[in-house]
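A quick write-up on the structure given underneath.
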Amino acid sequence: MASPQKLTPGRALTMLFTGAFALACLYPFIMVISGSLTTRQAAATYGFTLVPREFSTEAYKILFSNSWAIINGYKVTLAVTFIGTAASILTNSMMAFALSQPSLPGKKALNIYVLITMLFNGGMVPWYIVCTRYLHLKDSLFALIIPMLAGAWNIFLIRNYFRSIPYDLYESAKIDGAGDFYAFIRIYVPLAKPVLATVLLFTALGYWNDWWLGLMLIEKQELQPLQMLLRAIISNIQFLQTMDSSPQMQLMMANIPGDGVRMALVVITTGPIIALYPFVQRYFVKGIMIGSVKG
């Protein structure tokens, strides 16, 4: 049984610095949660504090005034995040596997083709025409998945990691009669967990936080993702607070905690995705470093 490490002054200083840094990172989240649970009057008088001066759940009541829409938005966003992330990891890793093979015909041209997509794009109007007229993605769940399916940066990150895997393993599998897909699934994927976990986190964050695809391609309310729905709620509150209206309406809008609603929005949208990070954080640094410098 290993004996515990001696607490040296240097180790104690490192632990103290790490703990202080962790608290500094946690401080904004606590402020956001506290700000979402305080009244408009208390925020205007005392500012936002770590502990609410006047406790109120009015911001959450406003956001959940149409609970069906919020719940449905969660369902759409969860489905898009899970399906899109899984499909994106498979697509990017298979493309990266092909580009990492020295024997691939036209490998240089394919690498340049993928690289060009990082530097240039056709613009918003051609993109919209392709998505709606040719891919028929209008008002479809696939409209929230397919446009973000492949990413050049993720492909190169995984490709560079695959290049760090000894090619002899692939040749040995081929001698034993394994096909390319078998070698990819049974050799490369298990050895590439760090970089795949890193890309998984980036991809899941992208799908979870996306509202642009919903704004451009979704008109049906039942297909609106959570981010777009909550963005619409904030926009409506801002519009009502700035428009000229009756004194009764102005008084009612003055009592709506606009900043509190925004902070409640942050809590609602970031809470679930934060739960993903502990499962992938041990692979994160290793994956991003090796995938970015090897190759």
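What to note about this one:
- Candidates are the residues of segment 120-145 that are closer than 22 Å to GLY84 by Cβ and aromatic (Phe, Trp, Tyr); the one that is surrounded by the most Cβ atoms within 10 Å (Cβ to Cβ) is PHE142.
- Qualifying position, being among the β-branched types (Val, Ile, Thr), surrounded by 11 or more Cβ atoms within 10 Å (Cβ to Cβ) and either in contact with a Gly (Cβ under 6 Å, 6 or more places away or on another chain) or at pLDDT 90 or above (or both), among THR117, THR91: THR91
- Among the residues of segment 65-103, the one identified as of a type in the set (Phe, Trp, Tyr) and within 21 Å of PRO190 (Cβ to Cβ) is PHE97.
- Residues of segment 24-80 satisfying the condition of being of a type in the set (S, T, N, Q) and either under 30 Å from ILE145 (Cα atoms) or in contact with a Leu (Cβ under 7 Å, 6 or more places away or on another chain) (or both): SER34, SER56, THR57, SER65, ASN66, SER67, ASN72, THR77
- Count of segment 185-223 residues, restricted to those that are hydroxyl-bearing (Ser, Thr, Tyr) and either at pLDDT 90 or above or not in a helix (DSSP H, G or I) (or both), is 2.
- Within segment 207-224, residues that are closer than 25 Å to ILE89 by Cβ and free of Cβ contacts under 8 Å to residues at least 40 places away in the same chain sit with their Cβ atoms under 7 Å from residues that are buried (at least 16 other Cβ atoms within 10 Å of the Cβ) and of a type outside the set (Ser, Thr, Tyr), at 6+ positions apart or across chains, in these pairs: TRP211/PRO225; TRP211/GLN227; TRP211/MET228; TRP211/ARG231.
- Filter result (in contact (Cβ under 8 Å) with a residue 40 or more places away in the chain and either of a type outside the set (Phe, Trp, Tyr) or touching a strand residue (DSSP E or B) at 6+ places or on another chain (Cβ under 6 Å) (or both)) within segment 38-68: THR38, THR39, ARG40, ALA43, SER56, GLU58, ALA59, ILE62, LEU63
- Within segment 168-183, if we keep just the residues that are outside any helix (DSSP H, G or I) and under 36 Å from the mean Cα position of the chain (by Cα), the residue that is surrounded by the most Cβ atoms within 10 Å (Cβ to Cβ) turns out to be ALA178.
- Members of segment 94-114 that are basic (Lys, Arg) and surrounded by 13 or more Cβ atoms within 10 Å (Cβ to Cβ): LYS107
The values are calculated or read from the model by the stated rules, or taken from the named source; none is laboratory data. Here the structure is a predicted model, which means the values were calculated and not measured. Glycine also receives a Cβ, built like all others from the backbone with ideal geometry; neighbour counts cover every protein chain displayed.
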